[in-house]
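The values are calculated or read from the model by the stated rules, or taken from the named source; none is laboratory data. None of these values were measured; they are calculated from a predicted model. With ideal geometry, Cβ positions are generated from the backbone for all residues, glycine too; neighbour counts draw on all protein chains shown.
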Amino acid sequence: MTLFEKIMALYPSLTQQDFLTVITLQNDSNGAGDYIKEWNHPTLVKPTQEQLK
Amino acid sequence: MGNLVLNGATSGATTLTPTDAVTITATFPSLGGTVMVSGNMPAFSAYNNANQTITTGTYTKVTCNTKEFDTNSNYDNATNYRFTPTVAGYYQINGQISIFAGSGFTRGIIVFYKNGSQFKFGNDITTGNVNGGRYIASSLIYCNGSTDYIEMYCYIVGSGTLILSTNGAADNFFQASMVRAA
């Protein structure tokens, strides 16, 4: 399951637009994989590493 | 008003003849300045020679790992896939991605990053569920000639496996060329 899919499973109300505006997932193609670059959602809190396992 | 005649080393001559209608002033660089000619204006073009898998909804750096040309050795095609021009000035940046999805592809965008942050977005096209498409971006960006660098990321939305599919230099490419000095 990708990071995007894990976050969507936690917060099904999120939309694609949220990932273009208030949430930024990024992959720098350096082998480190996907990560949360920015989380500025006005109501939903940033998931913890535990939640994303 | 006279002519300026530049004699060739062995033969011939070039004559510069000013017009009487207007006054034109040509200002040359100071003693330590540099005249910009094609030979010292960086330009590069690189492409991705292998398929690159992309995660939906995730800004992903495009790994253009093969150079077509790199006139000033300013593009890193091995590690960071970034353009760090060593001459300060204004650069025309171009990019294209070719997306292939088995089905369910709905959106694609190219984003140019400057110094690690989103800086210029390309066209943002949403579609019905299709197999893919090609997307382009173009922008004019200033670089300081020392620390500034440019990278190309893409943002793709779709279901299933999303791939930047390669067809040699024609599909996924990243380019830059200096258009004027600082």
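Per the conditions (1) within 21 Å of B:Leu162 (Cα to Cα); (2) basic (Lys, Arg); (3) in contact with a strand residue (DSSP E or B) (Cβ under 6 Å, 6 or more places away or on another chain), the sole criterion not satisfied by A:Lys46 is (1). For segment B:100-108, indicate whether the set of residues that are over 15 Å from the mean Cα position of the chain (by Cα), of a type in the set (Val, Ile, Thr) and buried (at least 17 other Cβ atoms within 10 Å of the Cβ) is non-empty. Yes, because at least one residue in segment B:100-108 is over 15 Å from the mean Cα position of the chain (by Cα), of a type in the set (Val, Ile, Thr) and buried (at least 17 other Cβ atoms within 10 Å of the Cβ). Checking B:Asn94, B:Asn131, B:Asn123 one by one, the residue that is polar (S, T, N, Q), part of a loop (DSSP other than H, G, I, E, B) and either out of contact with any helix residue (DSSP H, G or I) (no Cβ under 9 Å at 6 or more places or on another chain) or in contact (Cβ under 8 Å) with a residue 12 or more places away in the chain (or both) is B:Asn123 and no other. The lone criterion from (1) surrounded by fewer than 18 Cβ atoms within 10 Å (Cβ to Cβ); (2) under 21 Å from the mean Cα position of the chain (by Cα) left unmet by B:Gly2 is number (2).
The condition of being hydrophobic (A, V, I, L, M, F, W, C) and in contact with a helix residue (DSSP H, G or I) (Cβ under 8 Å, 6 or more places away or on another chain) holds for only one of B:Val87, B:Val62, B:Val111, B:Val35, that being B:Val87. Flag set for B:Gly57, criterion: small (Gly, Ala, Ser), within 30 Å of A:Met8 (Cα to Cα) and at pLDDT 85 or above. Of all residues in segment A:4-25 being under 9 Å from the mean Cα position of the chain (by Cα) and surrounded by 14 or more Cβ atoms within 10 Å (Cβ to Cβ), which is farthest from the other protein chains (Cβ to nearest Cβ)? Filtering first and then ranking leaves A:Lys6.
Counting the residues of segment B:64-89 that are of a type in the set (Lys, Arg) and within 14 Å of another protein chain (Cβ to nearest Cβ) gives 1. The residue that is nearest to the chain's Cα centre (by Cα), counting only those in segment A:26-47 that are more than 10 Å from chain B (Cβ to nearest Cβ) and small (Gly, Ala, Ser), is A:Ala32.
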